[in-house]
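What follows is a short report on a single structure.
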Amino acid sequence: MTTPRTARPAWLDRYTAAIDTMDVEQQLPFFTDDGTFTFGNNPPMTGHDGIRAGIGAFFGGIHGIRHTVTHCWQPDSGTVIVEFETTYIRLDDTKVTLNAGAVFRLRVGKIADYRVYADVTPVFAA
């Protein structure tokens, strides 16, 4: 049995556009006050302050980022599963494009839990 693809929710395009600005403050309104964000096998970032610190540190290691949603499924109103193609612009201005998966769990229309499954080692490789 395969999960049917669904139209992606409108907020997802606004959220990825906010990420791509590399302005953490544009991303925070999408999260609940106690929201969590887990990237890869790193510890979860919790609440707006934790997310701000974690994302800010990550953005300090790159010059730019661009997300393209390649697939999206919404098995229920509180869960969105996404495949991304993400292009990172390294500090030396070279581009690295990687695939990733993510799961969003929503509460009252905001992100309560966001988990990204990606290996960004190539972005930081010498």
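Annotations for the structure displayed:
- Test item: Cα-centred dipole of the stretch 1-90, Lys/Arg +1 and Asp/Glu -1 on Cβ, debye: 280
- Whole-number D in µm²/s for the chain (Stokes-Einstein; Kirkwood sum over Cα pairs; 20 °C, 1.002 mPa s): 143
- J(HN,Hα) series, the stretch 25-41, from Karplus relation 6.51 cos²θ - 1.76 cosθ + 1.60, nearest Hz, glycine and proline x: 4, 6, 7, 4, x, 6, 9, 5, 4, 9, x, 10, 9, 10, 10, x, 9
Throughout, read-outs are computed from the coordinates displayed, never taken from laboratory work. In this text, all values refer to a predicted model and were calculated from it rather than measured experimentally. Every residue, glycine as well, gets a Cβ built from its backbone with ideal geometry; the counts of neighbours run over all protein chains shown.
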